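A quick write-up on the structure given underneath.
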Amino acid sequence: ENLIFLRDISAEVEIDRLKDTALAMVSHELRTPLTAIRGHAELATREPSTAAANAKRILLNTQRLLTMVENLLSQSRLRTGKVKIVPSPTDIAGMFRMVHSLLLSEAKEKQLEFVMEVDERIPKVMVDAVLLQQILTNLASNAIKFTNSGKVTMTASLPDEGHWRISVRDTGPG
């Protein structure tokens, strides 16, 4: 007697395809800032007069890489149910300034106006600062990435007492 077992593996094949696609996208996204870091480091070693400016760009691109890695880890934690929300008093205006300075050179490279509008009356709020910063950075970074001309605006406002709002607007498609 010969027994033959057949099983549909199309779901496994699709999962492998999606993993390959994700890996290719991550590799591409990591390559861009790594190339910029290498280029600025090479310039800094060859031209000492521009070392400070190149060091600043190296730091900004290193922060971009760290943010990407943090995003990947957060997605993994979300999928496995291991996200821990840690609220703490957070200065929204300070967070906006930090994200703005982090992404400003990226916007300038694309000749985009990158505007930050923050209502300074927003008090410190209880949020998970790491997650909110990650969300704001992702929204603004994507807006810059997909806007070919015009401007990207990050806004933090107080629409009414006890509520605050953040938004990222752009002049890109969609």
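The values are calculated or read from the model by the stated rules, or taken from the named source; none is laboratory data. None of these values were measured; they are calculated from a predicted model. Neighbour counts are summed over all protein chains in view; Cβ atoms, including those assigned to glycine, are modelled from backbone coordinates with ideal geometry. The protein model used for the area step is the full one, side chains on, heavy atoms only, and it has no ligands, DNA or RNA in it. Shrake-Rupley method; radii C 1.70, N 1.55, O 1.52, S 1.80 Å.
Scanning segment 141-174 for residues that are among the hydrophobic types (A, V, I, L, M, F, W, C), within 19 Å of the chain's Cα centre (by Cα) and open to solvent by 30 Å² or more (accessible area, probe 1.4 Å) turns up F146, I166, V168. For segment 58-83, the set of residues classified as open to solvent by 90 Å² or more (accessible area, probe 1.4 Å) and under 16 Å from S141 (Cα atoms) consists of L66 only.
For every residue, the table says whether it meets (1) at pLDDT 85 or above; (2) within 21 Å of R31 (Cα to Cα); (3) among the β-branched types (V, I, T).
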{"residue": "P48", "(1), (2), (3)": "no, no, no"}
{"residue": "I58", "(1), (2), (3)": "no, yes, yes"}
{"residue": "E70", "(1), (2), (3)": "no, yes, no"}
{"residue": "L73", "(1), (2), (3)": "no, yes, no"}
{"residue": "L78", "(1), (2), (3)": "no, no, no"}
{"residue": "D91", "(1), (2), (3)": "yes, no, no"}
{"residue": "E120", "(1), (2), (3)": "yes, no, no"}
{"residue": "M126", "(1), (2), (3)": "yes, no, no"}
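Taking each residue of segment 116-137 that is touching a residue at least 40 places away in the same chain (Cβ under 8 Å) and looking for partners that are open to solvent by 80 Å² or more (accessible area, probe 1.4 Å) and not in a strand (DSSP E or B) with beta-carbon atoms closer than 7 Å, six or more apart or interchain, yields D128/I85; D128/V86; L131/I85. Filtered by the rule that a residue be under 15 Å from R64 (Cα atoms) and not aliphatic (A, V, I, L, M), segment 23-39 gives S27, H28, E29, R31, T32, P33, T35, R38.
The residue pairs whose first member lies in segment 139-161 and is without any contact (Cβ under 8 Å) to a residue 40 or more places away in the chain, whose second member is open to solvent by 10 Å² or more (accessible area, probe 1.4 Å) and of a type in the set (K, R), and whose beta carbons are closer than 7 Å, counting only pairs six or more residues apart or on different chains, are T153/R169; L158/R121; P159/R165.
Scan segment 1-56 for residues that are polar (S, T, N, Q) and surrounded by 11 or more Cβ atoms within 10 Å (Cβ to Cβ) and the total you get is 4. Total residues in segment 106-140 satisfying the condition of being open to solvent by 70 Å² or more (accessible area, probe 1.4 Å) and acidic (D, E): the figure is 4. Of all the residues in segment 91-105, those that are polar (S, T, N, Q) and either over 21 Å from L66 (Cα atoms) or loosely packed, with under 15 Cβ neighbours inside 10 Å (or both) number 1.
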